[in-house]
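The values are calculated or read from the model by the stated rules, or taken from the named source; none is laboratory data. As the structure is a computational prediction, the values presented were derived from the model and not from experiment. For neighbour counting, all protein chains shown are included, and Cβ atoms are generated from backbone atoms with ideal geometry for every residue, glycine included. Accessible surface is based on the protein model in full, side chains and every heavy atom, while ligands, DNA and RNA are left aside. Shrake-Rupley method; radii C 1.70, N 1.55, O 1.52, S 1.80 Å.
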Amino acid sequence: MTAAPEATSTSRPIRVAIVGAGPAGIYAADALMKSEHAKTPGVSIDLYERMPAPFGLIRYGVAPDHPRIKGIIQALHKVLDKPQVRLLGNLDYGTDFTLEDLRRFYDAVIFSTGANADRALNIPGVELEGSYGAADFVSWYDGHPDVPRTWPLEAEKVAVLGVGNVALDVARVLAKTGDELLPTEIPANVYEGLLANKATEVHVFGRRGPAQAKFTPLELRELDHSPNIEVIVAPEDIDYDEASEVARRESKQVDMVSNTLQDWAIRDVGNRPHKLFLHFFESPHEILGEDGKVVGLRTERTELDGTGNVRGTGEFNDWEVQAIYRAVGYLSENIAQLPFDEQAGTVPNEAGRVLDDDGTHLTSTYVTGWIKRGPVGLIGHTKGDANETIACLLADYDAGALTAAAEGTSDEVIAFLEERGLPYTTWEGWYRLDAHERSLGEPQGRERVKVVERDDMFRASEPDKA
Ligand SMILES: Cc1cc2nc3c(=O)[nH]c(=O)nc-3n(C[C@H](O)[C@H](O)[C@H](O)COP(=O)(O)OP(=O)(O)OC[C@H]3O[C@@H](n4cnc5c(N)ncnc54)[C@H](O)[C@@H]3O)c2cc1C
């Protein structure tokens, strides 16, 4: 802990800035609001968000055909409805304002900036046309304003590398028809793009076996619910070593996933029009190209080594595909003025307290969510993260270890943003955008149609312009 910070005053509410209004940031606000400190001395929270709308990857990551998960947004409303919590959207930390700016107004700053990029996969051919990062495709189909409006979907045979839930999302969206996805919230440009999708075969590749796949059981079984998708697993891809058997005994989830895959491997293949193959023990070795474009994937067959890991067999297989989606993990971006662990893609921290290069706590600075512990886990997991981080922040407050903000009224923050000429969106603005998106969906009997363009989002958020 850094020495002798000026203690926060107990006569006014604790002022906290949260950067990133995804689930982790919103749960952090919720934990603060539920603490004893919310009564005395009170808390006042500003949630800064770079997008014009809040909710992070719930809006821009979760697949559109997962309306139940998207519905978590409704539960998060009650946090942002609280008068002590203020949303300031369309503001990018690092570009529009700095850590020093925040220190002027807040006793503590929490970063919950999540992850939005693809982890690199270093195999030859990765740069070829037709080789895509899953995060970019996800951003496209989820209507993120900062990616191109069109997506090339000419490939008839497609490979998806990775065996986690993001790989399942990407494979499912590629294998479904545009009309199957129409009842969801997908924007018009995405529906049109998907109508032109030529993919009839989607091949998902995992380096290891069924017991090592990172799928969750529900999401895996869901693949089989589409009337257009025939899920196919080869019997020779079902194999377990001693460590795999232990993993199945110790984890219900691993066992359920293994059982589902086993069932699929022994059933007869049906005649639904699109084939989705789940391949195991195939390690991506090279993306094959011709004239700068993807024409195939070379994998090396692997086998279990007894410990749940695999070794190469020296046998290579070539798969004819015209597009490859790399779903090997998300990665957080470096946050300005904070230490960053490039390998883990996290801000070094202890239970949410940001650690400086010499391992001491950077006073009044905290992290939560994916930027705290890496891009793994479900939305629900960010709640536990937030509770831990907030417990540390409040303990530091009680110990007089936060650096008190020099300025601190809500109006001063607004004056600062206006002085800088930074247009921002608000929570009331989100209600207007929400109503606008719902009204776009209504004539088509859909719950909503997402607005994609930043300017359009901004306009719909303004009073009387939706
Ligand atoms: C493709 C995909 C599908 C998923 N599907 C599911 C699912 O079905 N069910 C489930 O439970 N979980 C799912 N998850 C996981 C879930 O999305 C994460 O657990 C959760 O979103 C992490 O929350 P977070 O708040 O840490 O990060 P994020 O959700 O990434 O939120 C971070 C927020 O910070 C903002 N931000 C970033 N940088 C700045 C900056 N400089 N200034 C201001 N704001 C900034 C971002 O715009 C974003 O709004 C999925 C994840 C992905 C990638």
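Figures for the structure shown
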{"quantity": "Helix-derived mean residue ellipticity, 222 nm - over the chain, DSSP H n ≥ 4, -39500 (n - 2.57), to 500", "calculated": "-9500 deg cm²/dmol"}
{"quantity": "Burial ranking of peptide ranges 222-233, 438-449 (average Cβ count within 10 Å, highest at the top)", "calculated": "222-233, 438-449"}
{"quantity": "For segment 30-80, fraction of C-alpha pairs farther apart than 18 Å, in %", "calculated": "46"}
{"quantity": "Candidate residues 27, 431: accessible-area rank, largest first, probe 1.4 Å", "calculated": "431, 27"}
{"quantity": "From the C-alpha gyration tensor of the chain, square roots of 5λ in Å", "calculated": "42, 27, 19"}
{"quantity": "Lysine pair count for segment 117-330 [Cα-Cα under 25 Å; pairs on different chains or 8 or more apart]", "calculated": "14"}
{"quantity": "Karplus 3J(HN,Hα) series, Hz, for segment 66-71 with 6.51 cos²θ - 1.76 cosθ + 1.60 (x for Gly, Pro)", "calculated": "10, x, 5, 6, 4, x"}
{"quantity": "Listed residue (324, 445, 23) projecting farthest to the positive dipole end of the chain, Cβ model", "calculated": "445"}
{"quantity": "Magnitude of the charge dipole, the chain, Cβ model with Lys/Arg +1 and Asp/Glu -1, debye to 20", "calculated": "1160"}
{"quantity": "For segment 39-97: accessible area per residue (Å², 1.4 Å)", "calculated": "35"}
{"quantity": "Segment 186-247: projected area of the alpha-carbon convex hull, averaged over directions, in nm²", "calculated": "6.0"}
{"quantity": "Using distinct alpha-carbon pairs, which all enter the 1/r mean, Kirkwood radius of segment 120-195 in Å", "calculated": "13.3"}
{"quantity": "Karplus 3J(HN,Hα) series, Hz, for segment 276-289 with 6.51 cos²θ - 1.76 cosθ + 1.60 (x for Gly, Pro)", "calculated": "10, 9, 9, 9, 10, 6, 10, 8, x, 10, 7, 8, 8, x"}
{"quantity": "For segment 236-376, convex hull of alpha carbons as volume per residue, Å³", "calculated": "209"}
{"quantity": "Surface share of carbon and sulfur [accessible, 1.4 angstrom probe, percent] for the chain", "calculated": "51"}
{"quantity": "Volume of the Cα convex hull of segment 117-330, divided per residue and given in Å³", "calculated": "121"}
{"quantity": "Solvent exposure of segment 117-330 as accessible area per residue, Å², 1.4 Å probe", "calculated": "43"}
